[in-house]
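Undergrad: Take this structure, written in structure tokens, and hold onto it; I'll ask about it next.
The values are calculated or read from the model by the stated rules, or taken from the named source; none is laboratory data. Note that the structure is a prediction, hence the values are computed from the model and not measured. Neighbour counts are summed over all protein chains in view; Cβ atoms, including those assigned to glycine, are modelled from backbone coordinates with ideal geometry. With ligands, DNA and RNA removed, areas are computed over all heavy atoms of the protein, side chains included. Shrake-Rupley method; radii C 1.70, N 1.55, O 1.52, S 1.80 Å.
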Amino acid sequence: MNSGFRGAADAGGDAMEGAFIELDRVEKVFDVLKRTGFLRRERRQVRAVDSISFTVARGEMVGYIGPNGAGKSTTIKMLTGILTPSGGRLRVAGIDPSRERTRLAQRIGVVFGQRTTLWWDLPLIDSYRLMHRMYRIPDARYRENLDRCVELLELGSLLDVPVRQLSLGQRMRGDIAAALLHDPEVLYLDEPTIGLDVISKARVREFLRDLNAERGTTVLLTTHDLQDIEQLCSRVMVIDHGRLMYDGPLAGLHEVGDSERTLVVDLERELPPIEAPPARVVKVEGPRQWLAFPASRSAAPLVARIAAEYPLVDLSVREPDIEAVIAKMLHSLEDAAPQLRSERTVS
Ligand SMILES: Nc1ncnc2c1ncn2[C@@H]1O[C@H](COP(=O)(O)OP(=O)(O)OP(=O)(O)O)[C@@H](O)[C@H]1O
Ligand SMILES: [Mg+2]
């Protein structure tokens with residue numbers, strides 16, 4: 001599908017090749033007061049981001065994942081300039097976000113799935129008009145981007161609806177459009193599919209894929225949904241307790257963690273457990289059998305083999321959930337280097 005997004009080349013600004021987002025030993029330490037008894041508070045430090053270094057090239061689409069409290073949102077807030085790092089060096093498009101937040105704002109778009117940037121009481125279109133003025137977007141470009149987003153995100157019938165009346169999925173699409181009206185070169189998405197139904201998720205993913213492919217927008221995506229990563233990101237970074245634990249392809253993540261996918265097979269009748277190594281039957285219920293196999297392998301040869309040898313009625317493949325994959329990966333890293341766990345986190 002040709003959605004007609006502008007090419008990155010005419011996005012304006014200085015042409016910066018290579019690393020577009022750069023983090024060099026970036027840290028964020030929060031001072032928190034912890035209640036330790038009646039009227040007693042203890043000052044404590046939480047090391048939310050602990051010496052993280054990575055670079056992202058222009059046009060990359062990268063997943064940024066990890067357990068709750070890992071430091072993902074804190075990283076994104078530093079990348080937008082909302083939070084100032086406690087240490088290290090951070091650049092986005094050559095700009096230090098916390099020093100030049102306003103200048104950077106012209107070049108980045110942000111979507112926080114948990115929170116809207118839209119005006120709650122105003123019709124959707126009024127929020128867009130306000131952004132048109134706030135970001136001083138040239139009229140023609142504003143119109144073009146708005147029309148494109150309205151078409152691809154199917155917002156047409158929603159423009160006159162106050163944001164508070166939108167469903168979560170509608171609001172999220174509204175927020176994504178809002179983040180793109182000024183043609184940002186980078187889009188940070190912090191859980192953009194949280195709470196969405198399957199159809200809305202698919203729509204959002206398709207839109208993001210097109211945006212990246214046609215417009216060359218760099219995307220950093222935080223999510224708890226493994227399918228977001230699978231369908232969108234060739235590269236994934238895993239953080240845990242503020243530390244970067246893995247940076248590479250998703251398949252590699254499966255390998256490190258030995259994670260498994262499940263093939264659910266419906267046979268014509270009840271039969272003894274299917275034999276198809278390396279898959280192994282983990283559950284049988286009447287004519288239905290569940291087979292676990294390494295997530296890094298393709299399901300195709302396994303399916304072909306079972307279809308040839310067994311009276312197959314139906315089948316489906318279930319992905320491991322992201323928490324399980326991450327937990328397994330962190331566990332196997334810990335086995336390999338036990339000191340990793342003990343030397344990090346809070347002081
Ligand atoms: N403003 C703040 N003040 C104090 N501590 C904070 C603050 N913001 C975040 N933290 C702490 O920093 C750590 C990382 O939080 P962060 O929100 O970045 O995690 P996350 O990876 O986005 O988690 P989730 O998956 O739950 O969204 C947590 O321990 C959190 O409690
Ligand atoms: Mg978060």
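Undergrad: Restricting attention to the stretch 1-38, which residues are within 21 Å of Ile108 (Cβ to Cβ), at pLDDT below 50 and not hydrophobic (A, V, I, L, M, F, W, C)?
TA: First, the residues of the stretch 1-38 that are within 21 Å of Ile108 (Cβ to Cβ): 3, 5-24, 26, 28.
With at pLDDT below 50 added as a condition, the list becomes 3, 5-16.
Across the stretch 1-38, the qualifying residues are Ser3, Arg6, Gly7, Asp10, Gly12, Gly13, Asp14.
Undergrad: If I go through the stretch 108-126 residue by residue, how many of them are at pLDDT below 95, out of contact with any strand residue (DSSP E or B) (no Cβ under 7 Å at 6 or more places or on another chain) and more than 17 Å from Pro192 (Cβ to Cβ)?
TA: Result for the stretch 108-126: 2.
Undergrad: With the requirement that a residue be open to solvent by 10 Å² or more (accessible area, probe 1.4 Å) and within 16 Å of ligand 1 (Cβ to nearest atom), what does the stretch 197-225 give you?
TA: Answer for the stretch 197-225, where residues must be open to solvent by 10 Å² or more (accessible area, probe 1.4 Å) and within 16 Å of ligand 1 (Cβ to nearest atom): His224, Asp225.
Here's the yes/no breakdown for (1) at pLDDT below 90; (2) within 15 Å of the chain's Cα centre (by Cα):
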residue: Cys149; (1), (2): no, no
residue: Pro162; (1), (2): no, no
residue: Tyr188; (1), (2): no, yes
residue: Asp197; (1), (2): yes, no
residue: Leu208; (1), (2): no, yes
residue: Gly216; (1), (2): no, no
residue: Val219; (1), (2): no, yes
residue: Leu232; (1), (2): no, yes
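Undergrad: Taking the stretch 98-123 only, how many residues are within 16 Å of ligand 1 (Cβ to nearest atom) and open to solvent by less than 10 Å² (accessible area, probe 1.4 Å)?
TA: Going through the stretch 98-123 one residue at a time, the tally reaches 2.
Undergrad: On to the next question. Among the numbered criteria (1) surrounded by fewer than 16 Cβ atoms within 10 Å (Cβ to Cβ); (2) away from ligand 1 (no atom under 16 Å from the Cβ); (3) free of Cβ contacts under 8 Å to residues at least 12 places away in the same chain, which one does Asp126 miss?
TA: (1)
Undergrad: It is to be established whether one or more residues within the stretch 234-245 are in contact with a helix residue (DSSP H, G or I) (Cβ under 9 Å, 6 or more places away or on another chain), closer than 18 Å to Val56 by Cα and away from ligand 1 (no atom under 16 Å from the Cβ).
TA: yes
Undergrad: Note down all Cβ pairs under 6 Å where the first residue falls in the stretch 188-203 and is within 16 Å of ligand 2 (Cβ to nearest atom), the second is of a type in the set (Ser, Thr, Tyr), and they're at least six residues apart or on different chains.
TA: So the pair list comes out as Asp190/Ser73; Asp190/Thr222; Glu191/Thr222; Glu191/Thr223.
Undergrad: With respect to Val32, determine if the residue is of a type in the set (A, V, I, L, M), part of a strand (DSSP E or B), away from ligand 2 (no atom under 16 Å from the Cβ) and surrounded by fewer than 22 Cβ atoms within 10 Å (Cβ to Cβ). Give the derivation first.
TA: Details: of a type in the set (A, V, I, L, M): yes; part of a strand (DSSP E or B): yes; away from ligand 2 (no atom under 16 Å from the Cβ): yes; surrounded by fewer than 22 Cβ atoms within 10 Å (Cβ to Cβ): yes.
So Val32 passes the test.
Undergrad: Then there is this: Suppose we keep only residues that are in contact with a helix residue (DSSP H, G or I) (Cβ under 6 Å, 6 or more places away or on another chain) and in a strand (DSSP E or B) within the stretch 207-233. Which one would you say is nearest to ligand 2 (Cβ to nearest atom)?
TA: Here the answer is Thr222.
Undergrad: Within the stretch 71-96, track down each residue that is away from ligand 1 (no atom under 13 Å from the Cβ), touching a residue at least 40 places away in the same chain (Cβ under 8 Å) and over 22 Å from the mean Cα position of the chain (by Cα).
TA: Gly87, Gly88, Arg89, Gly94
Undergrad: Shifting gears a bit: Quickly run through the stretch 305-323 and pick out the residues that are more than 30 Å from Val238 (Cβ to Cβ) and either outside any strand (DSSP E or B) or without any contact (Cβ under 8 Å) to a residue 12 or more places away in the chain (or both).
TA: Arg305, Ile306, Ala307, Ala308, Glu309, Tyr310, Pro311
Undergrad: Considering the stretch 42-72 alone, what residues qualify as being more than 17 Å from Arg243 (Cβ to Cβ), among the acidic types (Asp, Glu) and not in a loop (DSSP other than H, G, I, E, B)?
TA: Correct list: Glu42 only.
Undergrad: Let me ask something else. List, please: which pairs have Cβ atoms under 7 Å, are six or more places apart or on different chains, and start with a residue in the stretch 229-251 that is without any contact (Cβ under 8 Å) to a residue 40 or more places away in the chain and end with one that is among the small types (Gly, Ala, Ser) and surrounded by fewer than 23 Cβ atoms within 10 Å (Cβ to Cβ)?
TA: Pro249/Ser234
Undergrad: Residues being in a loop (DSSP other than H, G, I, E, B) and open to solvent by 10 Å² or more (accessible area, probe 1.4 Å): count how many of those fall in the stretch 73-88.
TA: So in the stretch 73-88, the residues in a loop (DSSP other than H, G, I, E, B) come out as 81-86.
Checking the rest, the ones that are also open to solvent by 10 Å² or more (accessible area, probe 1.4 Å) come to 82-86.
Within the stretch 73-88, residues that are in a loop (DSSP other than H, G, I, E, B) and open to solvent by 10 Å² or more (accessible area, probe 1.4 Å) number 5.
Undergrad: So is Met61 away from ligand 1 (no atom under 16 Å from the Cβ), of a type in the set (A, V, I, L, M), open to solvent by less than 40 Å² (accessible area, probe 1.4 Å) and in contact with a strand residue (DSSP E or B) (Cβ under 8 Å, 6 or more places away or on another chain) or not? Step through it out loud before you land on a result.
TA: Working: away from ligand 1 (no atom under 16 Å from the Cβ): yes; of a type in the set (A, V, I, L, M): yes; open to solvent by less than 40 Å² (accessible area, probe 1.4 Å): yes; in contact with a strand residue (DSSP E or B) (Cβ under 8 Å, 6 or more places away or on another chain): yes.
Yes: the conditions hold for Met61.
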